[in-house]
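Step one of this worksheet: look at the structure below.
The values are calculated or read from the model by the stated rules, or taken from the named source; none is laboratory data. If you're wondering where the values come from, they're calculated on a predicted model, not measured in any experiment. When we count neighbours, we look across all protein chains shown, and the Cβ atoms used for this are built from the backbone with ideal geometry, even at glycine. The area values use the complete protein model at the heavy-atom level, side chains included, leaving out ligands, DNA and RNA. Shrake-Rupley method; radii C 1.70, N 1.55, O 1.52, S 1.80 Å.
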Amino acid sequence: MMKTVEILFSGKVQKVGFRACVRNAGANLGLAGEVENLTDGRVRALVTGDDVIIEKFLSMTYSCPRAIIRNIEINEYVPTEFIGFNVKRE
């Protein structure tokens, strides 16, 4: 079932190449969405895809080099269509 979720990553996730790693993981799995830095130090990803693929995506984010994920918060989000998987710049 296709759905959109908001994922909030906290820990050492900014200035370590984490957004690019998240984008690559999502794109490699055929997911669509966007990823951005938040002013509070977290990284936010909006991801649209199948439940099982989103779970695989989440496990892949833990292998992003130099990033240390302390917490992941996942929230249901309004179904959103994205073209590809992009890094949203400040």
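Of the whole protein surface, Glu36 contributes about 30 Å² of accessible area at a 1.4 Å probe radius. If you find the alpha carbon centre of region 13-38 and of region 42-90, how far apart are they in angstrom? Centre-to-centre distance over Cα atoms comes out at 7 Å.
What does the charge count near Ile69 come to, summing +1 for each Lys or Arg and -1 for each Asp or Glu among other residues with Cβ under 12 Å from its Cβ?
Working: positive: Lys12, Arg42, Arg66, Arg70; negative: Glu73.
Around Ile69, the charge tally is +3.
Candidate cross-link partners of Lys3 among the aspartates and glutamates, defined by an alpha-carbon separation under 20 Å and a same-chain spacing of 8 or more, comprise Glu34, Glu36, Asp50, Asp51, Glu55, Glu73, Glu76, Glu81. The value given for the chain is a Kirkwood hydrodynamic radius of 12.7 Å, derived from the mean inverse Cα-Cα separation.
The residues Glu76, Glu55, sorted by heavy-atom accessible surface at 1.4 Å with ligands and nucleic acids left out, run Glu76, Glu55 from largest to smallest.
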